[in-house]
Structure formats: C-alpha cells, structure tokens
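Right, one structure below, let's go through it.
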Amino acid sequence: FRNFWNLTVISFFYDLLSIPVLTHGLSRIGITNVTRNISREKHTFGVSDFFDTVKKNWKSGLLFGIINIVLAFLLFFDLWFFWPRGEESGTFDIILTGVTFFLIISFVVMQYYIPMLIITFSLKLKDVYKNAFKFVFINFKRNIVITLGLLLFLAIVGFILYFGSYIGLAISMLIMVFVYPSF
C-alpha cells in the first residue's frame, strides 16, 4: 500500500498507451518492469522507468502485442466455430471445443510470464512463448492462485458495479483504470 499512488500513476500511463490496441504489448512491458521493481523493493522512478523500458524493448513489445491480438482473435473464432450447436454437433465438435478451451486458458496464463521474460532475458520471441507455455504447467499451483485472485478482484468490481448504481459505475471505472492494471 505504500506504493499505491505510484502504481495508480503507472496504471494511468498503461491505459493511455493501450488506447491504440496495437501498443498494448508496449504498455504491458512498461508496467511489468515497474511492478517487478516495486515487488522486489528496488527503487523505481515510476513513469520514467515505464517509458525507458518501453523504449528499450519496443520491438519485442510491439510484436508481442500484435501476436496476442491475432492469437486471441483466432482462439475465440475457433471457439465460436467449433461450439456444439444442437443435434447436428458431433463428438468431433465437442473435442475441438475442449481443445480450444484448453488453448485459451493456456494463452491467458502465459500472459503472466511473457512480459517478464521479455524484459528480463534477451530471448527470441518464439523462445519467450515456448518458455511461457512451459511455465503454465511448471507453476500450475501458483497460476491457479493468481487466476483466482484476479477473478476475485473482478468479481468484487462487478459486485460494486451491479449494486452501486451510478456511484458504483464511477467507482468501478476508477478501479479498472487506476488499480487493476498494476494489480
């Protein structure tokens, strides 16, 4: 909590840089470096470290963002395409829907590791994705805890939004803009 205001400022810049969707990878790279330094209790200059990291890793960060957009689109298209639709669906559709769900979950969990691998190691992007996929299974228990924590956070925000009328909407928006990215 002692870094709360620093994290809210960084979250704001994360949101600003993410407005053009293609630069989302750059903002993830920047916020990952700052939050990593804060969690390690190392000194950070916040905004300047954010932008220095973006400048240093802009090629891999931009490519990371573009790859994520393409993969997310393909995975959700696959889910829509293979989704069983009544009696005409066969066993093959159900199996492919299950495989697609597995790939979506793996893809989401890989997002915990990809920015950290990019800023920490000088690996080719295919090696970053390969190692992130391995970490999905190596850190299985930790990934479950992280995912449940994020889902709980989103459930609390949803609860505030649902029961709070206009004030709840304002609070939820502020939380999602200034707190969630760095959380």
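The values are calculated or read from the model by the stated rules, or taken from the named source; none is laboratory data. Note that the coordinates shown come from a computational prediction; the quantities given were computed from them, not determined experimentally. Note that we place each Cβ from the backbone using ideal geometry, even for glycine, and neighbour counts take in every protein chain shown. Please note that ligands, DNA and RNA were not included when accessible areas were found on the heavy atoms of the full protein model with its side chains. Shrake-Rupley method; radii C 1.70, N 1.55, O 1.52, S 1.80 Å.
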Phe12 open to solvent by 60 Å² or more (accessible area, probe 1.4 Å) and modelled with pLDDT under 90: no
Among residues of region 30-49, those that are among the hydrophobic types (A, V, I, L, M, F, W, C) and surrounded by fewer than 23 Cβ atoms within 10 Å (Cβ to Cβ), counted: 3
Hey, Thr32 at pLDDT 95 or above, hydroxyl-bearing (Ser, Thr, Tyr) and out of contact with any His (no Cβ under 6 Å at 6 or more places or on another chain) or not: yes
Subset tally (residues that are at pLDDT below 90 and small (Gly, Ala, Ser)) for region 67-88: 1
Residue pairs meeting the criteria (Cβ under 7 Å; at least 6 apart or on separate chains; first hydrophobic (A, V, I, L, M, F, W, C), in region 117-139; second part of a helix (DSSP H, G or I) and open to solvent by 70 Å² or more (accessible area, probe 1.4 Å)): Leu125/Leu63
Boolean, Asn57 is in contact (Cβ under 8 Å) with a residue 60 or more places away in the chain and within 26 Å of Asp127 (Cβ to Cβ): yes
Test result for Gly98, among the small types (Gly, Ala, Ser) and closer than 27 Å to Lys134 by Cβ: yes
Meets criteria (touching a Phe, Trp or Tyr at 6+ places or on another chain (Cβ under 7 Å) and in contact (Cβ under 8 Å) with a residue 60 or more places away in the chain) for Ile146: no
Segments classed as helices (runs of 4 or more DSSP H), wholly inside region 89-183, with at least 3 members that are at pLDDT below 95, of a type in the set (D, E, K, R) and surrounded by 12 or more Cβ atoms within 10 Å (Cβ to Cβ): none
Region 1-56, residues that are among the polar types (S, T, N, Q) and part of a loop (DSSP other than H, G, I, E, B): Asn3, Thr44
